[in-house]
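Step one of this worksheet: look at the structure below.
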Amino acid sequence: MAFIKNCWYAAVWLADLPERAPFGRIVAGERMVFWRIGEDKVAALTDACPHRKAPLSLGVVQDGQVACRYHGLGFAPDGKCVTNPHGPLQESLAIRAYPVEVRDGMVWVWTGRADKADPALIPEEVLAFTRTLPVTAYVTGYLHARAGHKLFEDNLLDPGHADFLHPFLGGGAMTRATRTFVKSENSLRLTMIKDAWAYPPMFRPGMRDPDDVADNWAEVLWNPNGAVLIRIGATSVGRPREQGVITWTAHIFTPESETTTHYLYASGRNYNMDDADYNAALAIGLRASFVNEDVAMLEGQQAVLGDADLLDTKPHLFPMDNASVQARRLFDSLVAADQADWMVPN
Ligand code: FES
Ligand SMILES: [Fe+2]
């Protein structure tokens, strides 16, 4: 399977981890069990007991350990077996422990060589907006999708799809926008601008001048671990961006397998920031559009593709697809470099 191993993946929102029970999730093809070991501290191990491979995520959490519910072996956060009702505590009973960092309410897990797990490599910028906004100005969520992470990343590097797929979000500006993108060693930034066009429908309620013409813009930051930040805004023609409406949405696509994805999202805004009712309604509306529009479309696309990679099917592409094709190329080159790194014994 082609995953980058030496990287941090968003595994689960901390708020979604049970208080006193283990939690199983497959991240980039690896079965993991997570459990809380303190405030804002989480442990992750391979989710398979060394005795007869029962999942530890069906076990229990006791005294900071996770214990297998089949025959009672217990494991510490470092993977060492610390309880064995059936014999001595042998080193060979140890299981793999994954480096974990909790940041911005997200549990990040490192699937690569532990000696390379530098927390500075977490793509900070993607959830940074949640640090400064009041809790009534952003929503978070999780979805499981039967479509691969690359299809989701293509989708975000193509904000123009909103004009067709999301009647609530798109207003025609992004299809007509000028696009520029900058590729760096391990990220890609896309900028879209359409001046003097209508405000998108979602920004209009509550605006003083919803029928004005506006300067529309979007910026997408793509990271190879599937963490994408999209900022979308519009402001009355000629006014600075800060005077208009701005939304920040983190769409984090953590691969489960090559054709299934954990979709973790957070969406914030600079208007109606103290309106809890608006926030609750937006949470429902956004989730509905992700589930019924994006996920439904991408699951359909994946069903058509089966196990094939989109680019191997020789699709008929347009200039609007340049950014996503470049991101895929960068991803493939990073996978190759990462695999070479794994050849080094550690
Ligand atoms: S399978 Fe876990 S203790 Fe037997
Ligand atoms: Fe979408």
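The values are calculated or read from the model by the stated rules, or taken from the named source; none is laboratory data. Predicted, not measured: the structure shown is a model, and the values here were computed from it. In this analysis, Cβ positions are derived from the backbone assuming ideal geometry, glycine residues included, and neighbour counts consider all displayed protein chains. What goes into the accessible areas is simple: the full protein's heavy atoms, side chains included, and nothing from ligands, DNA or RNA. Shrake-Rupley method; radii C 1.70, N 1.55, O 1.52, S 1.80 Å.
Given the structure, is ALA94 within 27 Å of TYR263 (Cβ to Cβ), within 16 Å of ligand 1 (Cβ to nearest atom), touching a Lys or Arg at 6+ places or on another chain (Cβ under 7 Å) and not assigned by TED's automatic domain parsing to the domain that holds ALA250?
no
Could you pull out the residue among GLN339, GLN326, GLN302 that is surrounded by 20 or more Cβ atoms within 10 Å (Cβ to Cβ) and either over 30 Å from THR132 (Cβ atoms) or without any contact (Cβ under 8 Å) to a residue 40 or more places away in the chain (or both)? Outline the logic, then answer.
Numbers: GLN339 fails: surrounded by 20 or more Cβ atoms within 10 Å (Cβ to Cβ); GLN326 fails: surrounded by 20 or more Cβ atoms within 10 Å (Cβ to Cβ).
Sole residue among the options that is surrounded by 20 or more Cβ atoms within 10 Å (Cβ to Cβ) and either over 30 Å from THR132 (Cβ atoms) or without any contact (Cβ under 8 Å) to a residue 40 or more places away in the chain (or both): GLN302.
When the residues of region 70-81 are filtered to those that are farther than 18 Å from VAL42 by Cα and surrounded by 15 or more Cβ atoms within 10 Å (Cβ to Cβ), which remaining residue is nearest to ligand 2 (Cβ to nearest atom)?
TYR70
Could you look through region 200-220, keep only residues that are at pLDDT 90 or above and farther than 25 Å from ILE252 by Cβ, and pick out the one that is nearest to the chain's Cα centre (by Cα)?
At the first step, the residues of region 200-220 found to be at pLDDT 90 or above are 213-220.
Applying the additional criterion that residues be farther than 25 Å from ILE252 by Cβ yields 213-215.
Working: VAL213: 33, ALA214: 30, ASP215: 29 Å.
Only one residue fits best here, namely ASP215.
If you scan region 16-48, which residues turn out to be in contact (Cβ under 8 Å) with a residue 40 or more places away in the chain and assigned to a loop (DSSP other than H, G, I, E, B)?
To start, the set of residues in region 16-48 that are in contact (Cβ under 8 Å) with a residue 40 or more places away in the chain comprises 16-17, 20-22, 25-30, 32, 34, 37, 40-46, 48.
LEU17, ARG20, ALA21, PRO22, ALA28, GLY29, ASP40, ALA48 - these are the residues of region 16-48 that are in contact (Cβ under 8 Å) with a residue 40 or more places away in the chain and assigned to a loop (DSSP other than H, G, I, E, B).
Which of the helices (runs of 4 or more DSSP H) contained wholly in region 249-346 include at least 2 residues that are away from ligand 1 (no atom under 16 Å from the Cβ) and in contact with a Lys or Arg (Cβ under 7 Å, 6 or more places away or on another chain)? Outline the logic, then answer.
Working: elements: 276-289, 296-305, 322-342.
Those helices (runs of 4 or more DSSP H) span 296-305, 322-342.
Going by what's in this entry, would VAL66 be described as open to solvent by less than 20 Å² (accessible area, probe 1.4 Å), touching a helix residue (DSSP H, G or I) at 6+ places or on another chain (Cβ under 7 Å) and either within 16 Å of ligand 2 (Cβ to nearest atom) or not in a helix (DSSP H, G or I) (or both)?
For VAL66, the condition - open to solvent by less than 20 Å² (accessible area, probe 1.4 Å), touching a helix residue (DSSP H, G or I) at 6+ places or on another chain (Cβ under 7 Å) and either within 16 Å of ligand 2 (Cβ to nearest atom) or not in a helix (DSSP H, G or I) (or both) - is met.
Identify, please: which residue in region 85-105 is surrounded by 15 or more Cβ atoms within 10 Å (Cβ to Cβ) and out of contact with any Leu (no Cβ under 6 Å at 6 or more places or on another chain) and is, among those, farthest from VAL60 (Cα to Cα)?
ARG103
With respect to GLU39, is the statement that it is modelled with pLDDT under 95, of a type in the set (D, E, K, R) and not assigned by TED's automatic domain parsing to the domain that holds THR254 true?
Yes, satisfied.
Out of region 208-230, which residues are in contact (Cβ under 8 Å) with a residue 60 or more places away in the chain and not in a strand (DSSP E or B)?
First pass over region 208-230, keeping only residues in contact (Cβ under 8 Å) with a residue 60 or more places away in the chain: 220-230.
Residues satisfying the conditions are ASN223, PRO224, ASN225, GLY226.
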